[in-house]
1. The conditions are (1) out of contact with any His (no Cβ under 9 Å at 6 or more places or on another chain); (2) part of a strand (DSSP E or B), and Lys102 fails exactly one of them. Which is it?
2. Considering only residues of the stretch 120-140 that are assigned to a loop (DSSP other than H, G, I, E, B) and under 16 Å from the mean Cα position of the chain (by Cα), which is nearest to Ala77 (Cα to Cα)?
3. Answer with yes or no whether Leu83 is within 24 Å of Ser42 (Cβ to Cβ) and assigned to a strand (DSSP E or B).
4. Within the stretch 1-39, restricting attention to residues that are in contact (Cβ under 8 Å) with a residue 12 or more places away in the chain and part of a loop (DSSP other than H, G, I, E, B), which residue is nearest to Ile57 (Cα to Cα)?
5. Could you look through the stretch 102-115, keep only residues that are charged (D, E, K, R) and more than 10 Å from Val178 (Cβ to Cβ), and pick out the one that is modelled with the lowest pLDDT?
6. Restricting attention to the stretch 126-143, does a residue exist that is surrounded by 15 or more Cβ atoms within 10 Å (Cβ to Cβ) and free of Cβ contacts under 8 Å to residues at least 24 places away in the same chain?
7. Enumerate the pairs (first residue in the stretch 45-63 and in contact (Cβ under 8 Å) with a residue 12 or more places away in the chain and over 14 Å from Met28 (Cα atoms); second residue anywhere and among the small types (Gly, Ala, Ser) and not in a helix (DSSP H, G or I)) with beta-carbon separation below 7 Å, excluding pairs fewer than 6 apart on the same chain, so at least 6 apart or on different chains.
Amino acid sequence: MKIVGVNIKRAREEIGLTLRGLAEKLGMSASFLSQVENGKASPSLSSLKNISDALNITVSKLIEGGQPVEDSPIVKANERKYLNEAGKGINLYLLTSRDPNKQMEPLLFKLKEGATSGDTSYRHFGQEFVLVLRGAIEITLNETSYILRKGDSIYFNSSVPHSFRNIGKEEAEAVWVVTPPTF
């Protein structure tokens, strides 16, 4: 996660924004943001997206360590790029190779038992599609909760306040497609 902090600091400094200025823009504490930049704390997925938006770059620019863009459009199961832990017990994997022209971002979400996107709903620009591969996930849109089990899917506008959690007794897996791409 240290590379994320280094990349946030570099991007922030490139646009001449102070740590305190970015923190105020994001509505988070400067001390937390400093811990992120120093690799001592990990931002949630929604915070990472908000940071990338504030810095006017993609999330992939924040998480990459200078890897070249792959030539092959195929991503083998054993070669998936692990993105990060997007919250306690939520692991993300890229399902596509890097492509600056792609218009959607298919991800594999693995949610440990009890994993959640957080205590509050979040929203952002774009749309999302979720297909549950294993387990049971509750997705809340506004105040309405939907239970999705293996084979179930949902499509929604990301501007709707939403949250999710694993409600099963086992790890849940889902293909999560987000547009526009952020990784």
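The values are calculated or read from the model by the stated rules, or taken from the named source; none is laboratory data. As the structure is a prediction and not an experimental result, all values here were calculated from the model. Here Cβ is always computed from backbone atoms with ideal geometry, including for glycine, and neighbour counts include all displayed protein chains.
1. (2)
2. Step by step, filter the stretch 120-140, then rank; the result is Gly126.
3. Details: within 24 Å of Ser42 (Cβ to Cβ): yes; assigned to a strand (DSSP E or B): yes.
It is true that Leu83 is within 24 Å of Ser42 (Cβ to Cβ) and assigned to a strand (DSSP E or B).
4. Ile15
5. Step one: of the stretch 102-115, the residues charged (D, E, K, R) are 102, 105, 110, 112-113.
Imposing the further condition that a residue be more than 10 Å from Val178 (Cβ to Cβ) reduces the set to 102, 110, 112-113.
Numbers: Lys102: 78, Lys110: 96, Lys112: 96, Glu113: 96.
Ranking the qualifying residues of the stretch 102-115, first place goes to Lys102.
6. Yes, the stretch 126-143 has at least one match.
7. Note: pairs meeting the criteria are Leu45/Ala86; Leu45/Gly87.
Residue-wise test of (1) within 30 Å of Leu17 (Cβ to Cβ); (2) modelled with pLDDT under 85; (3) not assigned by TED's automatic domain parsing to the domain that holds Val6.
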| residue | (1), (2), (3) |
| --- | --- |
| Pro100 | yes, yes, yes |
| Ser117 | yes, no, yes |
| Ser121 | yes, no, yes |
| Leu133 | no, no, yes |
| Glu138 | no, no, yes |
| Arg149 | no, no, yes |
| Ser163 | yes, no, yes |
